[in-house]
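Just so it is clear, none of the values below were taken in a lab; they were calculated from the coordinates. Only a predicted model underlies this, so the values are computations on that prediction, with no experimental measurement involved. For neighbour counting, all protein chains shown are included, and Cβ atoms are generated from backbone atoms with ideal geometry for every residue, glycine included.
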Ligand code: RP5
């Protein structure tokens with residue numbers, strides 16, 4: 001059963017969001033992926049936000065570019081934690097439009113916003129949320145950090 005829901009405003013966001021998918025696969029967490037647009041498929045978006053937790057999803061990663069309303073609107077409809085990924089899309093001026101659309105949420109409706117195109121970190125953060133109650137995943141994250149540390153140290157041995 002999928003525990004992480006990954007959604008994006010358009011299929012054109014996939015080159016960015018695939019970095020979240022890759023790291024979630026590394027952590028061996030089940031996930032689902034879909035295209036859900038706040039503007040083009042608003043009813044599907046509301047349905048997704050209202051029902052994801054009933055399917056067993058624990059955390060949602062939502063990526064969008066330009067006037068990036070998807071993460072905030074999903075957060076408005078869902079009781080689950082939402083991680084927002086601002087995408088530098090073809091309709092984005094310079095990325096700031098996407099960042100600010102996702103970051104500047106009103107009080108009461110948080111979206112944990114990662115860096116521009118920061119889908120890898122969104123995947124890691126989602127895994128860490130799963131790791132708060134799943135010790136096997138927590139161990140995977142501890143191992144991941146150890147390997148990362150070793151790679152950095154090994155990359156610059158004097
Ligand atoms: C946003 O508009 C999507 O999330 C995407 O980043 C951007 C462009 O979408 P397409 O015109 O490529 O479908 O809503």
Query raised in the report: In which sequence would 26, 43 go, from the one with the fewest C-beta neighbours within 10 Å to the one with the most?
Result: 43, 26
Query raised in the report: If you build a Gaussian network model of the chain, linking Cα atoms that sit under 10 Å apart, which residue out of 63, 107, 131 swings the most?
Result: 107
Requested in this report: Would you mind classifying the chain by shape? Square roots of the alpha carbon gyration tensor eigenvalues, ordered a ≥ b ≥ c; an a/c under 1.5 is rounded, otherwise it is prolate if a/b is larger than b/c and oblate if not.
Outcome: oblate
**Report entry** DSSP-defined beta bridges in the stretch 4-155 - what % are antiparallel, rounded to 5
**Finding:** 0 percent
Query raised in the report: Where does each of 114, 85, 33 land when they are ranked from fewest to most other beta-carbon atoms within 10 angstrom?
Result: 33, 114, 85
Query raised in the report: How high is the relative contact order of the stretch 1-67, given as a whole-number percent (alpha carbon pairs under 8 Å, six or more residues apart)?
Result: 55 percent
Requested in this report: Any chance you could run the full-extension gain for residue 22 through residue 151? It's 0.36 nm times the residue separation minus the Cα-Cα distance, nm to one decimal.
Outcome: 44.6 nm
**Report entry** the chain: most fluctuating residue of 129, 61, 21 per GNM, C-alpha cutoff 10 Å
**Finding:** 129
Report summary line: Percent relative contact order for the chain, counting Cα pairs under 8 Å at least six residues apart, stands at 23 percent
Query raised in the report: Taking the Cα centre of each part, how many Å lie between the stretch 83-118 and the stretch 1-48?
Result: 15 Å
**Report entry** Nearest-0.05 FRET efficiency for residue 93 and residue 133, computed from C-beta distance (R0 30 Å)
**Finding:** 0.15
Requested in this report: Name the shape class, rounded, prolate or oblate, that the alpha-carbon gyration tensor gives for the stretch 1-88, where a ≥ b ≥ c are the square roots of its eigenvalues, rounded holds for a/c under 1.5, and otherwise prolate holds if a/b is larger than b/c and oblate otherwise.
Outcome: oblate
Query raised in the report: Which order do peptides 132-143, 64-75 fall in by mean Cβ count within 10 Å, highest first?
Result: 64-75, 132-143
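How would you rank 37, 98, 92, 155, going from fewest to most other Cβ atoms within 10 Å of each one's own Cβ?
On the way: 37 17, 98 29, 92 20, 155 7.
Exposure proxy ranking, most exposed first: 155, 37, 92, 98.
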Requested in this report: Counting helices only, and only those DSSP H runs with n ≥ 4, report the 222 nm mean residue ellipticity of the chain as the sum of -39,500 (n - 2.57) divided by its residues, in deg cm²/dmol to the nearest 500.
Outcome: -14500 deg cm²/dmol
Report task. Treat each spin label as a single point 7 Å out from the Cα along the C-beta direction, and report the residue 51 to residue 39 distance in nm. Result -> 2.5 nm
